[in-house]
Structures are given as structure tokens and as C-alpha cells.
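Comments concern the structure below.
Only the coordinates and a few stated rules stand behind these numbers; no lab work does. Since we're looking at a predicted model, the values are computed, not measured. Neighbour counts run over all protein chains shown; Cβ positions are idealised from the backbone, glycine included.
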């Protein structure tokens with residue numbers, strides 16, 4: 001795998017009448033990468049994908065595919081293929097005819113098309129389904145046909161617009177693994193649009209988080225989850241506790257924040273926020289520990305248990321620190337069953353502890 | 001298990017529905033008789049031996065055989081079929097393109113166009129006929145005064161007039177089939193490298209074909225049956241079937257008229273059934 005760019009977006013903007021759907025986005029998607037665009041509906045991720053496909057043209061900015069400017073080139077002249085959420089299989093053609101369509105458009109001979117179509121069907125495990133009509137297939141099978149129809153063209157980049165959205169949960173999990181396997185097998189750059197954060201974390205090499213037409217953060221799943229750069233990202237990906245306050249001291253590696261109830265908390269500053277700035281501290285619930293005895297020599301806070309939800313692998317607790325602050329604490333059930341700290345009841349008192357490395361100070 | 005008492009209303013409602021059903025059945029038959037008795041009589045009296053075609057005096061196919069030798073009637077039939085064929089082809093092509101434009105694009109005057117398209121369907125046919133007559137008189141007059149070329153109304157003015165009202169029906173039918181069309185299919189085809197022309201011929205047209213054929217059959221039937229507009233726009237010297245039938249009825253009703261009417265009825269019904277069938281194939 002090289003590090004050359006497959007797709008580059010520079011200051012790409014798309015306006016529909018008065019609405020800015022995509023706002024000055026910069027992206028550099030590498031060759032062979034599984035790249036996801038993640039965000040709530042209406043965040044501009046699908047519009048961005050459609051601009052890369054050529055169904056929409058940017059109002060401003062530059063799109064390069066493989067180093068060539070394509071922002072004014074229509075879809076049928078671009079070397080990318082799309083898998084649609086609704087699959088968009090041609091209902092009046094057989095499965096094999098659907099898959100052959102792209103090759104026909106590229107003027108492949110009949111003799112060349114047949115083996116390629118067969119290979120594509122085999123790749124998505126539908127070897128004997130070529131003669132059927134799309135309507136005769138299940139949703140998952142139609143999804144595979146759509147994938148085969150796109151991949152048979154060996155595009156430079158494959159665009160996937162929430163392709164698993166219409167499938168049930170179990171099938172979706174299977175297809176996630178299969179998609180990842182296929183992507184590694186064919187080595188084609190995948191750009192995957194989804195609003196499902198778990199899906200993005202599972203499959204992606206890198207994720208771009210978008211909201212309201214803006215690109216908020218690009219990074220590996222670990223970076224996005226462990227080091228979100230904004231409150232929105234921390235909130236959208238996984239669960240997080242948020243404590244609001246002001247920066248009181250800039251230090252290295254930790255800075256200090258005075259929370260609204262007067263508590264002094266330490267954490268890692270993300271970005272630049274001078275003393276006095278309003279900030280939010282974000283801590284993931286699984287990074288918190290609740291113990292009966294206050295641990296020695298570390299920062300800890302007295303808390304009262306408000307809610308206990310036992311879900312087998314975890315116990316999910318809500319604890320109150322003060323009148324205004326409650327925290328979610330997820331305790332993994334990996335302790336000895338005799339350990340007193342493994343069992344909690346409402347109204348019990350305890351101590352919440354966390355490593356300040358895991359407390360992120362984000363611009364409010 | 002707890003037994004829940006069920007109100008025992010079934011037998012009574014059965015009694016009531018038996019009487020109601022009989023009444024409904026009677027009503028249905030009366031409706032059928034009201035609608036179809038005249039047609040049945042028409043068909044029946046095309047086989048009678050009675051020269052005036054109003055009494056049943058015995059069975060004969062003589063009137064149909066006479067039709068086969070009636071060159072004036074055959075001529076009128078050929079003219080009518082030719083008008084229907086040409087008008088159908090022109091109105092189907094134009095109507096389909098118009099329907100595509102109306103469904104796909106937002107352009108200036110689109111709303112006005114939308115309203116105007118329904119005009120030929122809703123205005124009285126006699127108004128449309130007079131309007132066309134006035135138009136041709138005016139246009140030919142203008143042409144003559146400008147260039148000296150003298151034109152008269154003939155079969156082509158009928159064809160133009162039929163196209164004028166058939167287009168509206170084609171547009172309505174084709175638009176209905178475009179309503180359910182998934183635009184993503186065209187995007188998918190473009191994505192796979194198809195240019196706009198290929199997309200139209202390989203994806204769009206095959207998928208809306210049932211609507212196009214349905215519209216064409218409807219146009220053909222309407223053109224075939226049309227009397228009022230044909231009567232006003234045909235001019236002397238050209239003979240059309242409905243006009244010819246009307247002309248003969250003015251003199252006397254003979255079983256020959258019944259026979260030709262029966263044939264027209266069968267052709268029209270066949271075409272309507274075909275159009276319904278083709279449109280149903282869509283699903």
C-alpha cells in the first residue's frame with residue numbers, strides 16, 4: 001500500500017439555494033484506504049460523496065481523483081463507482097446483466113465480459129444467481145449484487161452510501177466484516193458514508209466526522225474515540241461524561257479546570273484555550289473507577305450511587321458528585337466475585353477515580 | 001383460559017345481508033342493463049335479415065359481407081386507420097418527451113404548461129373542434145395572403161387536430177408511470193459509465209415503456225373513435241369512418257351501419273383492454 005492520494009478535496013463547498021450543505025472541506029484520502037465519513041443526517045456527508053461521484057458539482061473548490069481535477073467532469077466519465085443505499089439495481093435486467101452493464105459501457109467484448117461477471121458473482125458468493133432478477137433476491141443478496149456491479153469495473157475508488165442501512169442488525173454485522181475483507185482483497189480505496197458510529201469504528205482505517213456541513217475531525221478510529229477534538233465528536237462517537245468549567249492553570253502535561261461547582265479538575269488540553277476560557281471536560285464512562293475505599297495518592301472524588309444497571313458484561317452506574325454534576329461509570333465485571341467493589345446499590349457512598357490522561361479538556 | 005361472552009349478532013346480520021345482497025345484485029344488473037342494453041341491441045341487429053335493422057327477422061352475415069364490398073366504407077376505414085396511426089406516433093413521441101420534461105425539470109412556464117396540458121381533456125370537444133376550424137381558416141388565409149399558396153383542409157389537418165388532443169392523454173399516462181420511477185437508477189447507470197443517450201435508451205425508456213404503450217393505445221383509440229373534431233377539420237373530399245357513418249345514418253339506419261359500428265366497438269374495446277393489460281404489466 002502506497003501513501004499516494006486517491007482523492008483530494010480542497011475547500012469544497014456545496015450550496016443549495018441558501019443552504020450550505022458542505023462548507024469548505026479539505027480531505028486527503030489515501031490510496032487503498034478504507035475511509036469513512038460519519039455524521040448525523042443532514043451533515044453533508046452524502047452530498048460530499050455525491051460530489052466525488054459526479055452527481056453533484058461543487059459550488060466552489062477542487063476535487064482531484066488520482067491527481068486529476070474532476071470537479072467539472074460528469075459522473076459517467078469518472079473512474080469511480082457507487083454502491084447506493086437503495087442498491088439501485090436495474091429491475092428489467094438479470095443479475096448478470098446488471099453486473100455486465102459497466103463493462104459494456106467500457107466496450108468490453110462479450111467474451112471478456114462473461115468471465116469477469118462470473119468472477120464478480122463468485123467474489124460476493126452469488127455464483128449461481130446470474131440469471132435471476134433483482135426482485136427475486138433478498139435484501140442482503142441485492143446488496144452483494146450492487147457491490148459486485150460496482151467492483152467488477154475495478155474503479156480507482158468505490159463510494160458506498162450507507163449501503164447496509166436497509167439490512168437487519170445481524171446481517172449488517174456480517175456484511176461489515178465481509179466488506180472489510182473484500183476491501184483488503186481488492187485493494188481499492190473505499191469511501192464509506194454512514195451515520196452509525198460503530199460501523200465506522202469497526203471497518204475504517206480513518207474516519208472523518210462531519211456536522212452541519214463542516215469537517216470536524218479526521219483520524220483513525222482510536223484517535224477519534226480516545227482523542228476527540230471537540231465536544232460534538234466526543235458526544236457523537238460513543239458515550240462521554242461532560243463537566244463544564246473554566247481553565248485556571250495551563251501546565252504540562254496537565255491543565256487545571258475549575259468546574260461550575262468549584263471543583264478543581266486536571267486533564268489534557270485539546271487545542272489551545274488560554275486561562276479563563278470556558279471549556280468542557282470529557283471523560284468516557286469506562287475510564288472511571290468506583291471504589292468503596294478512597295485509593296491512596298491519587299486524585300479522587302466522593303460520590304453517591306444514584307442508579308445501578310447490571311447488564312452482564314458491565315455494570316452501568318450513575319453517581320452524583322454534587323448538586324449539578326452526575327457521572328456515568330461503566331465497571332467491567334472482571335473482578336473477583338468476592339470483591340466488595342463489584343457490587344453496588346443505590347444510595348451507597350464511594351469514591352470516583354480517573355487517570356487525568358483520560359480527561360480531555362475541549363473547547364466548550 | 002377465560003371465556004369471553006361474544007355478542008350473538010351473527011345470525012341476524014346474516015339475514016340482513018342476504019336481503020341487502022339481493023337488492024345490491026338487482027341494482028348491479030339494472031346498471032349493467034342500462035349501460036349495455038343499447039350496445040347489445042346494436043350488435044344483435046347487425047345480424048338481422050330485416051332491411052331497416054330494427055326488427056329481428058332472422059340471422060344473416062350478409063351485412064358484414066356487404067361491408068367488404070363497400071369501397072366507400074373501406075376507403076373511409078383506411079383513412080381513419082391512417083389518421084389514427086400517424087396521430088398516435090406523433091403524439092406518443094411528443095407526449096413522452098413532454099412528460100419527461102414536466103417530471104424532470106423545473107423551467108420557466110412549467111406551471112402554465114401543466115395547466116394548459118389538461119385543457120384538451122377538460123374542454124368540450126365541440127369547442128376544441130371549432131377552435132381548430134377557426135385556426136386552420138385563419139392560418140390558411142394568412143398563408144395565402146402572404147405567399148399566394150392556397151391550402152385546403154384535408155387528411156393532414158385532421159391528423160394535426162388529433163395530435164393536438166391526443167398529446168394530453170399521452171402525457172397524463174406517461175407521467176403516471178414516471179411518478180414511480182427511481183431516479184437513482186439513472187444515476188447508477190451514469191455511475192457505471194453510461195452517457196445520457198445510453199441511459200435513456202437502456203434504462204429510462206424500457207422502464208417507462210408500459211406507460212408509453214398504454215398512452216399510445218389510448219391515443220389510437222381516441223383518434224379512431226373521434227367524430228366531432230374529425231367532422232370539423234376534415235374538409236371536403238376526404239372520407240373518415242365516423243363521419244361516413246354519421247352521413248349514412250342521416251339518410252337511413254341499415255344493418256350495415258350496425259355492422260360497421262360493431263366492428264369499431266370490438267376494435268376499440270380490444271385496444272382499451274390491451275392498454276390496461278400493458279399498464280398492469282408494470283408491477
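Exposure proxy check: A:41, A:86, A:229 ranked by fewest other beta carbons within 10 Å? If you can, show how the numbers build up before the last one.
On the way: A:41 8, A:86 16, A:229 19.
Ascending Cβ contact count within 10 Å gives the list A:41, A:86, A:229.
Based on every Cα atom in the stretch B:19-60, Rg and the maximum pairwise Cα distance Dmax equal 15.0, 46 Å.
Can you give the relative contact order of the stretch A:54-143 as a percent, counting alpha carbon pairs under 8 Å and 6+ residues apart?
On the way: 65 pairs, mean separation 24.1, N = 90.
Over the stretch A:54-143, the number comes to 27 percent.
Under Stokes-Einstein, with the Kirkwood radius over Cα pairs as Rh, the value for the protein assembly as shown at 10 °C and 1.306 mPa s is 49 µm²/s. Note on A:69, B:162, A:246: ascending count of other Cβ atoms within 10 Å places them as A:69, A:246, B:162, the fewest first.
Computed on the stretch B:225-273, the Cα convex hull volume stands at 78 Å³ per residue. Of all DSSP bridge pairs formed entirely within the protein assembly as shown, close to 75 percent run antiparallel.
Provide a whole-number value for the mean count of partner chain Cβ atoms within 10 Å of the Cβ atoms in peptide A:74-81. Please report the intermediate quantities before stating the final value.
Working: counts 3, 9, 10, 3, 3, 1, 1, 4.
Across A:74-81, the average partner-chain Cβ count within 10 Å equals 4.
Pair-distance distribution P(r) for the stretch A:1-138, from all Cα-Cα distances in 5 Å bins starting at 0: 2, 9, 15, 17, 16, 15, 13, 9, 4, 1, 0 percent. If you line up the long axis of helix A:169-186 against the longest principal axis of chain A, both from Cα atoms, how many degrees apart are they, to the nearest 10? That works out to roughly 60 degrees.
Secondary-structure-derived ellipticity at 222 nm for chain B, considering helices only, amounts to -25500 deg cm²/dmol, per-run term -39500 (n - 2.57) for DSSP H runs with n ≥ 4. The simple spin-label model puts a point 7 Å past each Cα toward its Cβ; for residue B:228 and residue B:40 those points are separated by 3.0 nm.
On full extension of the chain, what length is gained from residue B:54 through residue B:108, given 0.36 nm per residue of separation minus the C-alpha to C-alpha distance?
13.6 nm
Note the per residue figure in Å³ for the convex hull of the C-alpha positions in the stretch B:160-253. Could you put the intermediate results ahead of the total?
Working: hull volume 10.4 nm³, N = 94.
Taking the convex hull of the Cα positions in the stretch B:160-253, it is 111 Å³ per residue.
Of the residues A:65, B:65, the one with the fewest other Cβ atoms within 10 Å heads the list, and the complete ranking is B:65, A:65. For chain A, relative contact order (Cα pairs under 8 Å, six or more residues apart, normalised by length) works out to 15 percent. Among B:149-159, B:134-144, B:80-90, sorting by the average number of other beta carbon atoms lying within 10 angstrom of each residue, highest first, gives B:80-90, B:149-159, B:134-144.
Enclosing the Cα atoms of the stretch B:125-215 in their convex hull gives a volume equal to 143 cubic angstrom per residue. Placing dummy labels 7 Å off each Cα toward the beta-carbon, the span from residue A:136 to residue B:71 is 5.8 nm.
Over the stretch B:70-282, consider all pairs of different Cα atoms and compute the Kirkwood hydrodynamic radius from their mean reciprocal separation; express it in Å, one decimal.
On the way: mean 1/r = 0.0525 Å⁻¹.
One over the average 1/r among Cα pairs gives 19.1 Å for the stretch B:70-282.
What relative contact order, as a whole-number percentage, does chain B give when Cα pairs under 8 Å and 6 or more residues apart are counted? Write down the numbers at each step before the final one.
Numbers: 289 pairs, mean separation 85.1, N = 283.
Averaging sequence separation for qualifying contacts and normalising by length gives 30 percent for chain B.
Set against the 2.2 N^0.38 Å expectation for a compact globular protein, chain A has a Cα radius of gyration ratio of 1.20.
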